Amino acid sequence: MDESPGWDAIDAALRPLYGDTEPLHMATLHKWALGGPDPLDGISAYARTEPVPHWHFISYGMTELYTKESENPDESGWGFEFTFRLVRDPAEETPPAWAVNLLQNLGRYVFQSGNWFEAGHHMNVNGPIAADREDSEIRAVTFVRDQELGEISTPHGQVVFLQVVGLATEEYDALRRWNADGLMAALAPHLPLFTTDIDRRSLLAAPGVARAVEEGVARDGSSGGTLFVSTAHWERDGDATTLRLGALQAPAIADSLRGRLPFGRGLILRTDDTALAFLPADAFAVEEPAEGVLEVHVPAATLEDLTATLLPTAGRRAVPSVPGLTVEIVPTAMKDRYGEETGEVVG
C-alpha cells in the first residue's frame, strides 16, 4: 500500500519537467505534526538554465502527503504547494538557505493564522525577502499559478502549485492601487517564468510598465477589498467618532480608499477582533451593525479630507468636512518576517 500518495503525486507532476534528475532536497528533521517548528516536510530545488538560470523550489507539506485528514474531498490540505523561482549564478551548486526559510515562514503563517494563499494574494514581509540582503528592493511577495506545473489531481484532492514572486516596494504599492493580474501582466515580459531576482530594481522604470499601471488604476481602480492591519479600532461618544489606525499602514489605507470608493467599492480593514468598513455613500453616516464591526459611509466630497489625515506620523486629525469625525494615527511596532518585534517603531 502506498504510504505517501500525495507526495508521489507531486513527484509525478515534476517528472515531465525534470525526468529522473535528482533534486537537492531539504528535509525537515522535526516536523510540525510532531511538534516541530517547520510546517513543510521538505523542499526540493532543481537547478535550471532556461529561460534564465534559476533555482526552482517546490514544497511538500501544505497538502495531505500521507493520509486524508480534512473533510473537504475536493482539495488536498490547504489546496496548494508553494513553488519559488530564484535567479541562480550558473556556477552555484547549492541554493541559498534564506529561500528555504522564506517558504517555511509562509507555511508557518498559514498554519498559525488559518489564512491561506491564492493566486493574486500578496503581502509585505516587512523587510527584504532575502534575510541577509538589507540593500535589496525586493520586500514583498505576490502569488501566481506556476506556469509550468499548474494544478494536479491527487488521491486526496486538487493541488495548485502556487508560485511565490518577489516584488519591489514600488511595485507592491502599484499592485495595491490596481490589481495583481494587471500588474503581473505588465511585469511578465521582464520576468521570465516570474523568476525572482533579489538584485533587480523596480520595473516601474521600464518602458511601458509605469504607463500600464497608471492607465490600469485610472480605468479599473483597486481590486483589493480587504486589508489585514495591526490596528483598526474606534471610539464613539454621541455623534463623535474617533478612528484609530496604525502609522505603518496609514498610507496604504489612503491609497486603497482612493482606488475603491470612487469606483463604487468598499474597503474593509481587518484585525484579529475588528472589522472597519469604509463604504461609498451619498451622505456621511457611522453604524455598528454588529459587535466588533463599524461601517463608515463616505460621500465622494469627503474622501480627500479623509485620506489627507492618513499620514505615517502619530497624531489626532479632524476630518474638516465631517464634524465629529477624527482620525487618530498611533505608532506601529515593526515586526520581522518571523512575526517578532524588531524594536523599530513607525510613527
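The values are calculated or read from the model by the stated rules, or taken from the named source; none is laboratory data. Remember, it's a predicted structure, so these values are computed and weren't measured experimentally. All Cβ positions, even for glycine, are placed from backbone atoms using ideal geometry, and neighbour counts span all protein chains on display.
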**OP:** Kindly establish whether Ala218 is crowded, with 19+ Cβ neighbours inside 10 Å and either assigned to a helix (DSSP H, G or I) or in the same structural domain as Phe284 (by TED's automatic domain parsing) (or both).
**Re:** no
Original post:
Which condition number does Phe117 fail, the rest of (1) over 20 Å from Pro23 (Cβ atoms); (2) of a type in the set (Phe, Trp, Tyr); (3) without any contact (Cβ under 8 Å) to a residue 40 or more places away in the chain being met?
Top reply: (3)
Original post:
With Val298, Val327 as the choices, which residue is farther than 29 Å from Arg139 by Cα and either modelled with pLDDT of 95 or more or not β-branched (Val, Ile, Thr) (or both)?
Top reply: Val298
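Quick grid of which residues meet (1) of a type in the set (A, V, I, L, M); (2) farther than 21 Å from Leu187 by Cα; (3) not in a strand (DSSP E or B):
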residue: Leu40; (1), (2), (3): yes, yes, yes
residue: His56; (1), (2), (3): no, no, no
residue: Ala99; (1), (2), (3): yes, yes, yes
residue: Gly120; (1), (2), (3): no, no, yes
residue: Pro128; (1), (2), (3): no, no, yes
residue: Glu134; (1), (2), (3): no, yes, yes
**OP:** Can you tell me which residue within the range 71-86, out of those that are more than 21 Å from Met123 (Cβ to Cβ) and touching a residue at least 24 places away in the same chain (Cβ under 8 Å), is surrounded by the fewest Cβ atoms within 10 Å (Cβ to Cβ)?
**Re:** Asp74
Original post:
Could you say which residue among Gln158, Gln163 is polar (S, T, N, Q), crowded, with 21+ Cβ neighbours inside 10 Å and part of a strand (DSSP E or B)?
Top reply: Gln163
**OP:** Considering every residue within the range 8-15, establish whether at least one is under 20 Å from Arg108 (Cβ atoms) and among the charged types (D, E, K, R).
**Re:** no
Original post:
Leu14 passes all but one of (1) surrounded by 12 or more Cβ atoms within 10 Å (Cβ to Cβ); (2) modelled with pLDDT under 95; (3) of a type outside the set (Lys, Arg); which number fails?
Top reply: (2)
Original post:
Residues of the range 286-322 being of a type outside the set (A, V, I, L, M, F, W, C), touching an Asp or Glu at 6+ places or on another chain (Cβ under 8 Å) and part of a loop (DSSP other than H, G, I, E, B), which ones?
Top reply: Gly292, Pro299, Pro320, Ser321
Original post:
From the residues in the range 256-285 that are part of a strand (DSSP E or B) and within 21 Å of the chain's Cα centre (by Cα), which one is modelled with the lowest pLDDT?
Top reply: Arg270
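Every residue, every condition in (1) closer than 15 Å to Leu162 by Cα; (2) surrounded by 19 or more Cβ atoms within 10 Å (Cβ to Cβ), yes or no:
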residue: Pro95; (1), (2): no, yes
residue: Leu103; (1), (2): yes, yes
residue: Trp116; (1), (2): yes, no
residue: His121; (1), (2): yes, no
residue: Asn124; (1), (2): no, no
residue: Gly127; (1), (2): no, no
residue: Asp132; (1), (2): no, no
residue: Asp135; (1), (2): no, no
residue: Arg139; (1), (2): no, yes
Original post:
If you check Ile129, Ile58, which single one turns out to be under 13 Å from the mean Cα position of the chain (by Cα) and assigned by TED's automatic domain parsing to the domain that holds Glu170?
Top reply: Ile129
**OP:** Assess whether Ala91 counts as being among the hydrophobic types (A, V, I, L, M, F, W, C), at pLDDT 95 or above, closer than 27 Å to Pro192 by Cβ and assigned by TED's automatic domain parsing to the domain that holds Phe194.
**Re:** no
Original post:
Looking at (1) assigned by TED's automatic domain parsing to the domain that holds Ile138; (2) part of a strand (DSSP E or B), can you tell me which one Arg211 breaks?
Top reply: (2)
Subject >> Residue check, Leu243 in contact (Cβ under 8 Å) with a residue 12 or more places away in the chain, over 24 Å from the mean Cα position of the chain (by Cα) and within 17 Å of Thr332 (Cα to Cα) >> reply: yes
**OP:** Take the range 280-297 and flag every residue that is surrounded by 14 or more Cβ atoms within 10 Å (Cβ to Cβ) and under 18 Å from His233 (Cβ atoms).
**Re:** Val286, Leu294, Glu295, Val296
